[in-house]
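A.B. asks: Structure below; questions to follow.
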Amino acid sequence: MSAQADRADQDADPAGSPHAARERPGLELLAVLGVSYGMSGIYALLSFLRSQVTINHGAGFGNVAAPVVVAQASHYEWLDVLDRLADVLHGVLPAFLAVVLLARSPGGRGFGIGFDRLRWRELAHGAGFAALIGVPGLGLVFVARKLGLNAQLIVTDFPDVWYRIPVLLLDAFQDGVAEEIVVGAFVLTRLGQLGWSRSRALAASAVLRGSYHLYQGYGGFVGNAVMGVVFGWWFQRTRRVWPLVIAHSVIDAVSFIGYLYLKNRVSWI
């Protein structure tokens, strides 16, 4: 059979056409979440339940330690650096998968989520969002710690080595890219394609974002869920993910580096 005949048969059979194969938003959503933040949410819930058992035996949530970024140093610094770079690469792969899947569907420039050329004004938008979320978030951490509703966050235990700051900045950027593309842009896009209303999709995305921070306690869940509502609303309105990536990266960078220099100076950190 000729190549032209093959193409003709494919065009005549919608089930075998490339376009038919692309229409799997629900399965794609489950697959991406299954290898990323969906499983993170399950593990965080298990950690949360374990902490509740501890509390019921008289320990209290405030005595639970919750590490965020864990790192170790050995005698072979070049291997340690490569390990950390591999961790960063591993962290952005779910976002890469989401972008590849989005590219299979017609969505315009930037894969339909505005992940193309970074615009100058988006830097300002990102900085604004970082301040809008970061400052109240710091207050929430303080209140939650005082009320015993949050675990003692060990934001990073990175050893004092020369590559500590560059790697933490990469970690922050990786978090921003992965979470905002997967939990924000991809989830909201696929839920919309499944016929979910904007408000229902926004709530689901926000709860997912809060779920994988449950290991931090009630404050971690609420704070990140609120962040999900604000960021998700912006994405639904503009279809631009870059400001959210920038904001998230800035928040995490300030948290990581600020913790290093303030943990022995501020009692509630």
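A.B. asks: Sort through GLY126, GLY112 and tell me the only one that's under 19 Å from the mean Cα position of the chain (by Cα), touching a residue at least 12 places away in the same chain (Cβ under 8 Å) and at positive phi.
C.D. replies: Details: GLY126 fails: at positive phi.
Among GLY126, GLY112, only GLY112 is under 19 Å from the mean Cα position of the chain (by Cα), touching a residue at least 12 places away in the same chain (Cβ under 8 Å) and at positive phi.
A.B. asks: From the list ARG117, ARG121, pick out the single residue that is loosely packed, with under 13 Cβ neighbours inside 10 Å and outside any helix (DSSP H, G or I).
C.D. replies: ARG117
A.B. asks: Which one is farthest from ALA31 (Cα to Cα), of the residues in region 80-92 that are in contact (Cβ under 8 Å) with a residue 60 or more places away in the chain and hydrophobic (A, V, I, L, M, F, W, C)?
C.D. replies: Among them, the one singled out is VAL81.
A.B. asks: Given TYR163, TYR215, which one is at pLDDT below 95, hydroxyl-bearing (Ser, Thr, Tyr) and more than 28 Å from ALA144 (Cα to Cα)?
C.D. replies: Among TYR163, TYR215, only TYR163 is at pLDDT below 95, hydroxyl-bearing (Ser, Thr, Tyr) and more than 28 Å from ALA144 (Cα to Cα).
A.B. asks: May I ask you to verify whether GLN236 is of a type outside the set (Gly, Ala, Ser) and over 29 Å from LEU123 (Cβ atoms)?
C.D. replies: Against the criterion (of a type outside the set (Gly, Ala, Ser) and over 29 Å from LEU123 (Cβ atoms)), GLN236 does not qualify.
A.B. asks: Ok, one more. Show me the helices (runs of 4 or more DSSP H) entirely contained within region 1-100 in which 1 or more residues are modelled with pLDDT of 90 or more and not charged (D, E, K, R).
C.D. replies: Details: elements: 3-12, 18-22, 25-34, 37-56.
Where helices (runs of 4 or more DSSP H) fall fully within region 1-100 and carry at least 1 residues being modelled with pLDDT of 90 or more and not charged (D, E, K, R), they are 25-34, 37-56.
A.B. asks: In addition: Restricting attention to region 232-252, report how many residues are more than 13 Å from GLN174 (Cα to Cα) and polar (S, T, N, Q).
C.D. replies: 2
A.B. asks: Which of the residues belonging to region 102-131 are farther than 21 Å from GLY228 by Cβ and among the acidic types (Asp, Glu)?
C.D. replies: Answer for region 102-131, where residues must be farther than 21 Å from GLY228 by Cβ and among the acidic types (Asp, Glu): just ASP116.
The values are calculated or read from the model by the stated rules, or taken from the named source; none is laboratory data. Keep in mind that this is a model prediction, so the values were computed, not measured. With ideal geometry, Cβ positions are generated from the backbone for all residues, glycine too; neighbour counts draw on all protein chains shown.
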